[in-house]
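The values are calculated or read from the model by the stated rules, or taken from the named source; none is laboratory data. Here the structure is a predicted model, which is why all the values come from computation and not from measurement. Cβ coordinates were reconstructed from backbone atoms using ideal geometry, including for glycine residues, and neighbour counts include every protein chain displayed. SASA here: full protein model, heavy atoms, side chains in, ligands and nucleic acids out. Shrake-Rupley method; radii C 1.70, N 1.55, O 1.52, S 1.80 Å.
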Amino acid sequence: MKYLTLLVITAGLMLPFSSVSQTVMYDVMVAGRVIGSVKVLLYENTTKTVKRRIEAEFSIPFYSGSFSSENDFLEGNLQSSVTEHFVNGKQKESTHTSNRHPQLYHVDFSGKARDYGKLKELNQAINHTMTGLYYQEPSNVGVVYSERYGQMCPVKKLDESRYGVILPNGKQSIYAYRQGLCTEVQSELAGMKLRIVRRWNQLAGK
């Protein structure tokens, strides 16, 4: 684990530093009530390197949590990703993915509910991730990498502006877009259906 952490940190140091230029906000809603928020951080990327990060927090009676996911890309290929999930102030799970060769990734899980077939390596290119769905409409994208589950997930176009992503747990998340911008995500949290809705004041003029 210490070796993997060093690997991930080293991979991050190899990429030029990117500063945050803007934060796009989403409201997390259950049954019409706002229970949290999602931040999508927009970085000043280069022609070769891209950094993407989302941060979510939510709170319902007797249950509060947070989730973060960060990706680093080099020339369109994922170099490293880290996801962390906290519940009631304690870390529930985390997943670290690191690039070892052009199409070989090491995936390390930690946390209570971490098995998912005990997947440790992926031998294929990773060019698109779940986090990336907040940044760009997945036109002509057949699969995305789930940084949390450490597996590839099929993407299916549902209609002109919506896409369904089938997760390894069998559930489907739906992403809606307008003029290329992600406007809403329909998913599930602790057995409850939720909507993650982009704030309208950030759609003005788009």
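Each residue in region 122-155 was checked for being open to solvent by 50 Å² or more (accessible area, probe 1.4 Å) and either free of Cβ contacts under 8 Å to residues at least 12 places away in the same chain or among the polar types (S, T, N, Q) (or both), and 7 of them qualify. Within region 126-160, if we keep just the residues that are within 13 Å of residue 95 (Cβ to Cβ) and of a type in the set (Phe, Trp, Tyr), the residue that is farthest from the chain's Cα centre (by Cα) turns out to be 149. When 158, 189 are checked against the criterion of being free of Cβ contacts under 8 Å to residues at least 24 places away in the same chain and more than 23 Å from residue 79 (Cβ to Cβ), a single residue qualifies: 158. Only one of the numbered conditions (1) in contact with a strand residue (DSSP E or B) (Cβ under 9 Å, 6 or more places away or on another chain); (2) farther than 27 Å from residue 31 by Cβ; (3) not charged (D, E, K, R) is not met by residue 179, and that is (1).
Do we find that residue 95 is touching a residue at least 24 places away in the same chain (Cβ under 8 Å), surrounded by 15 or more Cβ atoms within 10 Å (Cβ to Cβ), among the polar types (S, T, N, Q) and touching a Pro at 6+ places or on another chain (Cβ under 6 Å) in this structure? Lay out the reasoning, then the answer.
Values: touching a residue at least 24 places away in the same chain (Cβ under 8 Å): yes; surrounded by 15 or more Cβ atoms within 10 Å (Cβ to Cβ): yes; among the polar types (S, T, N, Q): yes; touching a Pro at 6+ places or on another chain (Cβ under 6 Å): no.
No.
Against the conditions (1) open to solvent by 30 Å² or more (accessible area, probe 1.4 Å); (2) under 25 Å from residue 122 (Cβ atoms); (3) at pLDDT 95 or above; (4) over 17 Å from the mean Cα position of the chain (by Cα), residue 34 satisfies every one except (2).
Yes/no per residue for (1) under 12 Å from the mean Cα position of the chain (by Cα); (2) at pLDDT below 90; (3) more than 17 Å from residue 187 (Cα to Cα):
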| position | (1), (2), (3) |
| --- | --- |
| 52 | yes, no, yes |
| 61 | no, yes, yes |
| 77 | no, no, yes |
| 84 | yes, no, yes |
| 98 | no, no, yes |
| 102 | no, yes, yes |
